[in-house]
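Report on one structure; see the data block that follows.
The values are calculated or read from the model by the stated rules, or taken from the named source; none is laboratory data. Quantities reported herein were computed from a predicted structural model and do not represent experimental measurements. Note: ideal-geometry Cβ built from the backbone for every residue, glycine included; neighbour counts use all protein chains shown. Please note that ligands, DNA and RNA were not included when accessible areas were found on the heavy atoms of the full protein model with its side chains. Shrake-Rupley method; radii C 1.70, N 1.55, O 1.52, S 1.80 Å.
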Amino acid sequence: MTTALRKSGTRVALAPAAGLALVLVLALVTTPGFYSAEVLALVLFQVGLIGITALGQTGVLLVGGIDLSVGAVVGLTTVIVAAYSGGSPDRLATGVGLAAGAGLLVGAVNAGLVLARRVPPFVATFATFVLVQGAITAWTRGAPAGAIPPALAPLGTGRVLGVPVPAWVFLGLALVAGLLLARTGFGRRVYATGANRAATALSGVRTGWVIAACYLGCAGLAVLAGLVNAGYLGYVDARLSRNLDLNSIAAAVIGGVALTGGRGRVTQTVTGVVLLATLLTWLVQLGAGPGAQLVVAGSVILAAVWLRTAEEDTERRSW
(Lines give C-alpha, C1' and ligand atoms only; values in the text may rest on other atoms or scores of the structure.)
Protein backbone atom coordinates (compact mmCIF):
# COMPACT_ATOMS: atom_id res chain seq x y z
CA MET A 1 0.00 0.00 0.00
CA THR A 2 2.89 2.33 0.73
CA THR A 3 4.17 1.82 -2.81
CA ALA A 4 0.72 2.57 -4.24
CA LEU A 5 0.53 5.76 -2.18
CA ARG A 6 3.95 6.85 -3.35
CA LYS A 7 3.05 6.23 -7.00
CA SER A 8 -0.25 8.07 -6.68
CA GLY A 9 1.40 11.08 -5.03
CA THR A 10 4.08 11.13 -7.71
CA ARG A 11 1.44 11.21 -10.45
CA VAL A 12 -0.30 14.18 -8.87
CA ALA A 13 3.01 16.03 -8.39
CA LEU A 14 4.35 15.40 -11.89
CA ALA A 15 1.13 15.76 -13.91
CA PRO A 16 1.20 19.61 -14.08
CA ALA A 17 4.87 19.67 -15.09
CA ALA A 18 4.22 17.01 -17.71
CA GLY A 19 1.22 18.97 -18.98
CA LEU A 20 3.32 22.13 -19.26
CA ALA A 21 6.00 20.27 -21.21
CA LEU A 22 3.34 18.88 -23.57
CA VAL A 23 1.84 22.32 -24.21
CA LEU A 24 5.28 23.80 -24.90
CA VAL A 25 6.02 21.05 -27.44
CA LEU A 26 2.64 21.44 -29.11
CA ALA A 27 3.15 25.20 -29.29
CA LEU A 28 6.53 24.70 -30.96
CA VAL A 29 4.97 22.42 -33.58
CA THR A 30 1.71 24.26 -34.24
CA THR A 31 2.57 27.92 -33.59
CA PRO A 32 6.33 28.60 -33.88
CA GLY A 33 5.62 32.30 -33.34
CA PHE A 34 4.63 31.42 -29.79
CA TYR A 35 8.30 31.64 -28.83
CA SER A 36 8.69 35.24 -29.96
CA ALA A 37 9.67 37.78 -27.33
CA GLU A 38 6.30 39.54 -27.38
CA VAL A 39 4.24 36.37 -26.98
CA LEU A 40 6.45 35.10 -24.17
CA ALA A 41 6.09 38.50 -22.48
CA LEU A 42 2.31 38.09 -22.74
CA VAL A 43 2.60 34.65 -21.14
CA LEU A 44 4.58 36.13 -18.26
CA PHE A 45 2.05 38.94 -17.84
CA GLN A 46 -0.72 36.34 -17.63
CA VAL A 47 1.38 34.39 -15.13
CA GLY A 48 1.61 37.49 -12.97
CA LEU A 49 -2.06 38.50 -13.19
CA ILE A 50 -3.51 35.00 -12.73
CA GLY A 51 -0.83 34.08 -10.22
CA ILE A 52 -1.54 36.95 -7.82
CA THR A 53 -5.20 35.95 -7.59
CA ALA A 54 -4.34 32.23 -7.45
CA LEU A 55 -2.17 32.73 -4.36
CA GLY A 56 -5.13 34.24 -2.53
CA GLN A 57 -7.40 31.48 -3.78
CA THR A 58 -4.90 28.88 -2.54
CA GLY A 59 -5.23 30.13 1.02
CA VAL A 60 -9.02 29.98 0.86
CA LEU A 61 -8.98 26.49 -0.67
CA LEU A 62 -6.59 25.25 2.01
CA VAL A 63 -9.11 26.12 4.74
CA GLY A 64 -11.85 24.29 2.86
CA GLY A 65 -13.45 27.33 1.22
CA ILE A 66 -13.68 28.89 -2.22
CA ASP A 67 -13.90 32.50 -3.41
CA LEU A 68 -15.95 33.27 -6.50
CA SER A 69 -15.82 37.03 -5.94
CA VAL A 70 -12.18 37.45 -7.01
CA GLY A 71 -12.97 38.75 -10.49
CA ALA A 72 -15.55 41.15 -9.10
CA VAL A 73 -13.03 42.61 -6.66
CA VAL A 74 -10.53 43.03 -9.51
CA GLY A 75 -13.16 44.91 -11.51
CA LEU A 76 -14.29 46.94 -8.50
CA THR A 77 -10.70 48.08 -7.92
CA THR A 78 -10.37 49.47 -11.43
CA VAL A 79 -13.77 51.18 -11.20
CA ILE A 80 -12.97 52.90 -7.89
CA VAL A 81 -9.53 54.06 -9.01
CA ALA A 82 -10.92 55.40 -12.29
CA ALA A 83 -14.01 56.98 -10.75
CA TYR A 84 -12.20 58.71 -7.91
CA SER A 85 -9.04 59.80 -9.72
CA GLY A 86 -10.62 60.76 -13.02
CA GLY A 87 -7.24 59.99 -14.56
CA SER A 88 -5.46 62.50 -12.29
CA PRO A 89 -2.15 61.31 -10.77
CA ASP A 90 -2.74 63.57 -7.74
CA ARG A 91 -5.74 61.50 -6.68
CA LEU A 92 -4.22 58.09 -7.37
CA ALA A 93 -3.01 57.30 -3.85
CA THR A 94 -6.37 58.03 -2.27
CA GLY A 95 -8.12 56.08 -5.02
CA VAL A 96 -5.91 53.07 -4.35
CA GLY A 97 -6.66 53.35 -0.63
CA LEU A 98 -10.39 53.46 -1.28
CA ALA A 99 -10.14 50.45 -3.60
CA ALA A 100 -8.19 48.50 -0.98
CA GLY A 101 -10.82 49.33 1.64
CA ALA A 102 -13.66 48.26 -0.64
CA GLY A 103 -11.91 45.03 -1.57
CA LEU A 104 -11.21 44.14 2.05
CA LEU A 105 -14.85 44.92 2.85
CA VAL A 106 -15.91 42.34 0.27
CA GLY A 107 -13.51 39.85 1.87
CA ALA A 108 -14.95 40.64 5.31
CA VAL A 109 -18.50 40.13 4.03
CA ASN A 110 -17.49 36.78 2.56
CA ALA A 111 -15.91 35.71 5.84
CA GLY A 112 -18.89 36.96 7.83
CA LEU A 113 -21.39 35.06 5.71
CA VAL A 114 -19.35 31.87 5.91
CA LEU A 115 -18.52 32.08 9.63
CA ALA A 116 -21.34 34.00 11.31
CA ARG A 117 -24.25 32.94 9.11
CA ARG A 118 -22.83 29.53 8.11
CA VAL A 119 -23.57 30.14 4.44
CA PRO A 120 -21.73 27.64 2.19
CA PRO A 121 -18.65 29.38 0.73
CA PHE A 122 -19.78 28.77 -2.84
CA VAL A 123 -23.13 30.48 -2.22
CA ALA A 124 -21.72 33.30 -0.07
CA THR A 125 -18.98 34.33 -2.47
CA PHE A 126 -21.19 33.89 -5.54
CA ALA A 127 -23.72 36.25 -3.96
CA THR A 128 -21.08 38.92 -3.37
CA PHE A 129 -19.82 38.39 -6.92
CA VAL A 130 -23.30 39.04 -8.33
CA LEU A 131 -23.81 42.13 -6.18
CA VAL A 132 -20.43 43.69 -6.96
CA GLN A 133 -20.52 42.74 -10.63
CA GLY A 134 -23.96 44.28 -10.91
CA ALA A 135 -22.67 47.55 -9.49
CA ILE A 136 -19.72 47.49 -11.89
CA THR A 137 -21.96 46.82 -14.89
CA ALA A 138 -24.28 49.65 -13.86
CA TRP A 139 -21.33 52.07 -13.67
CA THR A 140 -19.68 50.99 -16.93
CA ARG A 141 -22.96 50.16 -18.74
CA GLY A 142 -21.20 47.11 -20.10
CA ALA A 143 -18.65 49.08 -22.12
CA PRO A 144 -15.08 50.25 -21.51
CA ALA A 145 -15.14 53.41 -19.42
CA GLY A 146 -13.13 55.72 -17.18
CA ALA A 147 -9.46 56.67 -17.16
CA ILE A 148 -6.63 55.29 -15.05
CA PRO A 149 -3.80 57.65 -14.02
CA PRO A 150 -0.67 57.00 -16.14
CA ALA A 151 1.37 56.74 -12.93
CA LEU A 152 -0.13 53.27 -12.42
CA ALA A 153 0.97 52.05 -15.84
CA PRO A 154 4.42 50.72 -14.78
CA LEU A 155 2.72 48.18 -12.50
CA GLY A 156 0.95 46.66 -15.49
CA THR A 157 3.14 47.40 -18.49
CA GLY A 158 6.60 47.90 -16.99
CA ARG A 159 9.46 45.44 -17.43
CA VAL A 160 12.52 44.65 -15.36
CA LEU A 161 15.32 42.76 -17.14
CA GLY A 162 12.85 42.18 -19.97
CA VAL A 163 10.34 40.44 -17.70
CA PRO A 164 6.93 42.06 -17.08
CA VAL A 165 6.61 43.62 -13.62
CA PRO A 166 3.49 41.55 -12.73
CA ALA A 167 5.55 38.36 -13.05
CA TRP A 168 8.14 39.73 -10.60
CA VAL A 169 5.38 40.76 -8.21
CA PHE A 170 3.92 37.26 -8.38
CA LEU A 171 7.32 35.67 -7.81
CA GLY A 172 7.94 37.78 -4.71
CA LEU A 173 4.48 37.08 -3.31
CA ALA A 174 4.83 33.37 -4.01
CA LEU A 175 8.08 33.24 -2.03
CA VAL A 176 6.47 35.05 0.90
CA ALA A 177 3.33 32.89 0.79
CA GLY A 178 5.38 29.71 0.53
CA LEU A 179 7.42 30.61 3.61
CA LEU A 180 4.31 31.72 5.49
CA LEU A 181 2.50 28.43 4.91
CA ALA A 182 5.49 26.13 5.30
CA ARG A 183 7.47 27.72 8.12
CA THR A 184 5.09 29.58 10.44
CA GLY A 185 2.53 28.76 13.07
CA PHE A 186 -0.14 30.48 11.01
CA GLY A 187 0.61 28.17 8.09
CA ARG A 188 0.26 25.12 10.31
CA ARG A 189 -3.08 26.44 11.54
CA VAL A 190 -4.26 26.93 7.96
CA TYR A 191 -3.51 23.31 7.05
CA ALA A 192 -4.98 21.98 10.28
CA THR A 193 -8.17 24.01 9.88
CA GLY A 194 -8.68 22.75 6.35
CA ALA A 195 -7.94 19.15 7.26
CA ASN A 196 -10.27 18.98 10.28
CA ARG A 197 -11.72 22.21 11.59
CA ALA A 198 -13.57 20.66 14.54
CA ALA A 199 -10.53 18.83 15.87
CA THR A 200 -8.33 21.87 15.33
CA ALA A 201 -10.76 24.07 17.27
CA LEU A 202 -10.74 21.58 20.13
CA SER A 203 -6.96 21.93 20.29
CA GLY A 204 -7.35 25.64 21.04
CA VAL A 205 -6.89 27.16 17.58
CA ARG A 206 -9.28 29.99 16.77
CA THR A 207 -10.22 28.55 13.40
CA GLY A 208 -12.68 31.33 12.64
CA TRP A 209 -9.90 33.91 12.66
CA VAL A 210 -7.76 31.68 10.44
CA ILE A 211 -10.54 31.35 7.88
CA ALA A 212 -11.32 35.07 8.01
CA ALA A 213 -7.64 35.91 7.47
CA CYS A 214 -7.58 33.74 4.35
CA TYR A 215 -10.66 35.43 2.87
CA LEU A 216 -9.26 38.87 3.64
CA GLY A 217 -5.90 37.90 2.15
CA CYS A 218 -7.61 36.64 -0.99
CA ALA A 219 -9.53 39.92 -1.32
CA GLY A 220 -6.37 41.96 -0.74
CA LEU A 221 -4.51 40.08 -3.47
CA ALA A 222 -7.48 40.55 -5.79
CA VAL A 223 -7.18 44.31 -5.22
CA LEU A 224 -3.51 44.12 -6.16
CA ALA A 225 -4.43 42.17 -9.30
CA GLY A 226 -6.99 44.87 -10.06
CA LEU A 227 -4.28 47.53 -9.88
CA VAL A 228 -2.09 45.45 -12.20
CA ASN A 229 -5.00 45.07 -14.60
CA ALA A 230 -5.81 48.78 -14.42
CA GLY A 231 -2.20 49.74 -15.06
CA TYR A 232 -2.07 47.43 -18.05
CA LEU A 233 -5.31 48.56 -19.69
CA GLY A 234 -5.44 52.23 -18.71
CA TYR A 235 -9.23 52.13 -18.51
CA VAL A 236 -12.07 50.05 -17.00
CA ASP A 237 -13.27 46.96 -18.84
CA ALA A 238 -15.32 44.76 -16.52
CA ARG A 239 -15.42 41.91 -19.02
CA LEU A 240 -11.70 41.25 -18.79
CA SER A 241 -11.76 40.46 -15.06
CA ARG A 242 -14.66 38.02 -15.00
CA ASN A 243 -12.59 34.98 -15.95
CA LEU A 244 -10.20 35.50 -13.03
CA ASP A 245 -12.62 33.67 -10.71
CA LEU A 246 -12.32 30.51 -12.78
CA ASN A 247 -8.65 31.02 -13.62
CA SER A 248 -7.56 31.56 -10.01
CA ILE A 249 -9.34 28.40 -8.91
CA ALA A 250 -8.21 26.46 -11.96
CA ALA A 251 -4.54 27.34 -11.50
CA ALA A 252 -4.52 26.13 -7.90
CA VAL A 253 -6.49 22.96 -8.63
CA ILE A 254 -4.48 22.12 -11.75
CA GLY A 255 -1.34 22.46 -9.66
CA GLY A 256 -2.66 19.96 -7.14
CA VAL A 257 -4.29 21.99 -4.33
CA ALA A 258 -7.21 19.97 -2.94
CA LEU A 259 -10.72 21.40 -3.20
CA THR A 260 -11.56 19.67 0.09
CA GLY A 261 -8.99 21.70 2.06
CA GLY A 262 -5.86 20.99 4.05
CA ARG A 263 -3.66 19.83 1.16
CA GLY A 264 -1.52 21.69 -1.31
CA ARG A 265 1.58 23.87 -1.56
CA VAL A 266 2.40 27.20 -3.10
CA THR A 267 4.87 25.52 -5.45
CA GLN A 268 1.98 23.51 -6.85
CA THR A 269 -0.02 26.67 -7.42
CA VAL A 270 2.94 28.26 -9.20
CA THR A 271 3.19 25.27 -11.55
CA GLY A 272 -0.54 25.41 -12.19
CA VAL A 273 -0.37 29.14 -12.93
CA VAL A 274 2.43 28.72 -15.45
CA LEU A 275 0.62 25.82 -17.13
CA LEU A 276 -2.70 27.66 -17.34
CA ALA A 277 -1.17 30.94 -18.60
CA THR A 278 0.83 29.07 -21.23
CA LEU A 279 -2.19 27.02 -22.30
CA LEU A 280 -4.50 30.03 -22.61
CA THR A 281 -1.95 32.06 -24.57
CA TRP A 282 -1.29 29.13 -26.91
CA LEU A 283 -5.01 28.76 -27.56
CA VAL A 284 -5.22 32.45 -28.45
CA GLN A 285 -2.32 31.99 -30.86
CA LEU A 286 -4.23 29.10 -32.44
CA GLY A 287 -7.19 31.40 -32.96
CA ALA A 288 -9.42 29.60 -30.48
CA GLY A 289 -12.41 31.62 -29.29
CA PRO A 290 -13.54 32.09 -25.68
CA GLY A 291 -15.77 29.02 -25.88
CA ALA A 292 -12.96 26.72 -26.98
CA GLN A 293 -10.69 28.16 -24.29
CA LEU A 294 -13.26 27.38 -21.61
CA VAL A 295 -13.72 23.83 -22.92
CA VAL A 296 -9.99 23.13 -22.84
CA ALA A 297 -9.50 24.77 -19.45
CA GLY A 298 -12.45 22.82 -18.05
CA SER A 299 -11.05 19.56 -19.38
CA VAL A 300 -7.69 20.22 -17.74
CA ILE A 301 -9.42 21.00 -14.42
CA LEU A 302 -11.41 17.75 -14.62
CA ALA A 303 -8.22 15.80 -15.27
CA ALA A 304 -6.53 17.45 -12.27
CA VAL A 305 -9.49 16.74 -10.00
CA TRP A 306 -9.61 13.13 -11.21
CA LEU A 307 -5.94 12.64 -10.35
CA ARG A 308 -6.43 14.18 -6.89
CA THR A 309 -9.52 12.02 -6.25
CA ALA A 310 -7.65 8.92 -7.33
CA GLU A 311 -4.86 9.76 -4.89
CA GLU A 312 -7.33 10.24 -2.03
CA ASP A 313 -9.05 6.93 -2.84
CA THR A 314 -5.66 5.20 -2.74
CA GLU A 315 -4.92 6.73 0.65
CA ARG A 316 -8.28 5.62 2.07
CA ARG A 317 -7.71 2.06 0.89
CA SER A 318 -4.26 2.06 2.48
CA TRP A 319 -5.83 2.65 5.89
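Key figures
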{"item": "Residue check for N229: under 21 Å from R265 (Cβ atoms), modelled with pLDDT under 95 and among the polar types (S, T, N, Q)", "result": "no"}
{"item": "Residues located in region 50-66, provided they are open to solvent by 10 Å² or more (accessible area, probe 1.4 Å) and under 27 Å from A153 (Cα atoms)", "result": "L55"}
{"item": "Subset of region 18-39 (residues that are assigned to a helix (DSSP H, G or I) and surrounded by 14 or more Cβ atoms within 10 Å (Cβ to Cβ))", "result": "G19, L20, V23, L24, L26, A27, F34, V39"}
{"item": "Condition check for L42: under 30 Å from A143 (Cα atoms), open to solvent by 20 Å² or more (accessible area, probe 1.4 Å), modelled with pLDDT of 90 or more and not in a helix (DSSP H, G or I)", "result": "no"}
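Residues are listed down the side, and each one gets a yes or a no for (1) over 21 Å from V106 (Cβ atoms); (2) touching a residue at least 12 places away in the same chain (Cβ under 8 Å); (3) open to solvent by 40 Å² or more (accessible area, probe 1.4 Å):
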site: W139; (1), (2), (3): no, yes, yes
site: A151; (1), (2), (3): yes, yes, yes
site: L161; (1), (2), (3): yes, no, yes
site: A167; (1), (2), (3): yes, yes, no
site: A182; (1), (2), (3): yes, yes, yes
site: F186; (1), (2), (3): yes, yes, yes
